[in-house]
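The values are calculated or read from the model by the stated rules, or taken from the named source; none is laboratory data. Every value quoted in this text rests on a predicted model; they were computed, and no experiment measured them. Neighbour counts are summed over all protein chains in view; Cβ atoms, including those assigned to glycine, are modelled from backbone coordinates with ideal geometry.
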Amino acid sequence: MLTAYAKLIREKYTVIIISTLVLGILVGLLTSAPGLAIRKISTFLIVIMIGAMGITITFKSLGAAAKDWKSFILGLVLNFAFAPLLCWLLSLLFLSSHPELAIGLILIGVVPCAGMALVWASLLKGDVPLATVINGATMIVAPFLIFLRSLPAGSPQAP
């Protein structure tokens, strides 16, 4: 039953995403606080969005993905170096006169979104188990990197 659900969601994902965007716009037009209106069903929407992509992952496929060190390291480099650098460059090129938007774009690059990475990996026929392993490592490593970067430059704990 869960496999049939995952298959249905994957086949109709484009329609679901477009419908969700239209619904979000309509709710936004009807209320000044759309987040409050959608909050009641947000968990359900998250399960639809992310859950269907991970239902078919097995422990065996996760183990195989964890052994692919080259792809794993490349994924971490993309998450922690390429994406932030790209967003920083884009903000310099296109948003230099709007610092608040530039900061938002840079934050998008430095704070990887685990759930959407799985969704995009699945939609683009990528290796979802590998994306899951990379996301797991990202969620473990990111808080430590953020902590290290938040230390003052002269402190004994700073690298």
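List of remarks:
- Search result, residues across the range 83-104 that are crowded, with 16+ Cβ neighbours inside 10 Å, modelled with pLDDT of 90 or more and closer than 22 Å to V141 by Cα: C87
- Take the conditions (1) modelled with pLDDT under 80; (2) under 27 Å from L2 (Cα atoms); S19 misses just one of them, which is (1).
- Qualifying residue in the range 60-80 (condition: at pLDDT below 75 and within 30 Å of K12 (Cα to Cα)): no
- Filtered by the rule that a residue be surrounded by 12 or more Cβ atoms within 10 Å (Cβ to Cβ), more than 20 Å from A66 (Cβ to Cβ) and more than 10 Å from the chain's Cα centre (by Cα), the range 110-135 gives V110, L123.
- The listed residue being of a type in the set (V, I, T), surrounded by 12 or more Cβ atoms within 10 Å (Cβ to Cβ) and outside the structural domain of W120 (by TED's automatic domain parsing), out of T31, T3, T43: T31
- Within the range 31-45, considering residues that are hydrophobic (A, V, I, L, M, F, W, C) and modelled with pLDDT under 80, the one nearest to W120 (Cα to Cα): L45
- Among the helices (runs of 4 or more DSSP H) confined to the range 9-112, the ones with at least 1 residues that are within 23 Å of A131 (Cα to Cα) and either touching a residue at least 12 places away in the same chain (Cβ under 8 Å) or out of contact with any Ser or Thr (no Cβ under 9 Å at 6 or more places or on another chain) (or both) are located at 13-30, 42-46, 59-66, 69-77, 83-94, 99-110.
- The set of residues from the range 117-138 being assigned to a helix (DSSP H, G or I) and at pLDDT below 80 comprises A117, L118, V119, W120, S122, L123.
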